[in-house]
1. Can you tally the net charge around Val167? Count Lys and Arg as +1, Asp and Glu as -1, for every other residue whose Cβ sits under 12 Å from the Cβ of Val167.
2. Report ³J(HN,Hα) in whole Hz for each residue of the range 127-136, in order, from the Karplus equation J = 6.51 cos²θ - 1.76 cosθ + 1.60 where θ = phi - 60°; Gly and Pro get x.
3. Could you compute the net charge surrounding Trp156? Neighbours are other residues with a C-beta less than 12 Å from the C-beta of Trp156; K and R count +1, D and E count -1.
4. Amide H of Ala71: which non-local residues (sequence gap of 5 or more, or other chain) have their own amide H closer than 5 Å, using H built in the peptide plane?
5. Can you pull the one-decimal nm distance between simple spin-label points at Arg172 and Asp81, each 7 Å off the Cα toward Cβ?
6. Quickly rank 172-179, 123-130 as a protection proxy: mean count of other C-beta atoms within 10 Å, highest first.
7. Using a/c under 1.5 as the rounded threshold, could you call the chain rounded, prolate or oblate? The axes a ≥ b ≥ c are square roots of the C-alpha gyration tensor eigenvalues, and prolate needs a/b larger than b/c, oblate otherwise.
8. Within a Cβ distance under 10 Å of Thr69, other residues only, what is the Lys/Arg minus Asp/Glu net charge?
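Read-outs: derived from the displayed coordinates by stated rules, not from any lab. These numbers come from a predicted model, not from an experiment. Glycine also receives a Cβ, built like all others from the backbone with ideal geometry; neighbour counts cover every protein chain displayed.
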Amino acid sequence: MDSNPSAEPGAKKPPTPVKIVIAGGFGVGKTTAVASISEIPPLRTEAAITSVGAEIDRTGHTPAKTTTTVAMDFGCITIDDDVKLYLFGTPGQDRFGFMWHDLVVGALGALVIVDTRRLDDCYPAVDYFEKAGVPFVVAVNKFDGMLSHDLNDVRWALAVSDEVPLVTFDAREKLSVRDALLAVLRNTFSRAQAQVATP
Ligand SMILES: Nc1nc2c(ncn2[C@@H]2O[C@H](COP(=O)(O)OP(=O)(O)OP(=O)(O)O)[C@@H](O)[C@H]2O)c(=O)[nH]1
Ligand SMILES: [Mg+2]
């Protein structure tokens, strides 16, 4: 039976909406990643970093950063005729952590961005998604075009299981973000298949 009787006969079915969360610690490139890939002008909620905030947020590695996300980023990208991703970027600072619970509701997957120069700041995000039960991929952002650590060392340091894919990417490059999001989709799909196969 046609689930949408009001649709024109032969009308193309709209792509299935898939919610993906882009998460990670302060200043790892979440807002940049959403903006690089979004096919609509991204929604941003940036506020100026005050001198008091700069001390708390340890902005030492991102001295050029003058603003920070205080609620969320939003963008979307159509993958193909069947799938359209709705991207929700989280704030990175601990004091806005309460926003994460709302942002992950209904998410089918997550991209957790880490900056290997500040691995300490990345544990809470990885830990959060392990506990939330949302399938995630860790994306190691190559600041300055290089990695501070070997990927296997990053996996070991973050204590993520072998089942969690680790990819490198550059949040400023559209194609790089696309590949990371495709890894999220593949991971979500294979997790779902594994669950169905488990009696
Ligand atoms: N060199 C380099 N700079 C990057 C890369 N990704 C992001 N940046 C820069 O890093 C800074 C932080 O980027 P944002 O996208 O604001 O980071 P965020 O994770 O959204 O930050 P918060 O929302 O404040 O937690 C910006 O100045 C970006 O231009 C990258 O891959 N390489
Ligand atoms: Mg941001």
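1. Combined, the nearby Lys, Arg, Asp and Glu give +2.
2. Values, residue by residue: 4, 4, 6, 4, 6, 6, x, 8, x, 9 Hz.
3. Once positives and negatives cancel, what remains is -2.
4. Placed amide hydrogens put Thr45 under 5 Å from Ala71.
5. 3.8
6. The peptides rank, most packed first, as 123-130, 172-179.
7. Since a/c reaches 1.5 and a/b is larger than b/c, the shape of the chain is classed as prolate.
8. Charge balance in the 10 Å sphere: 0.
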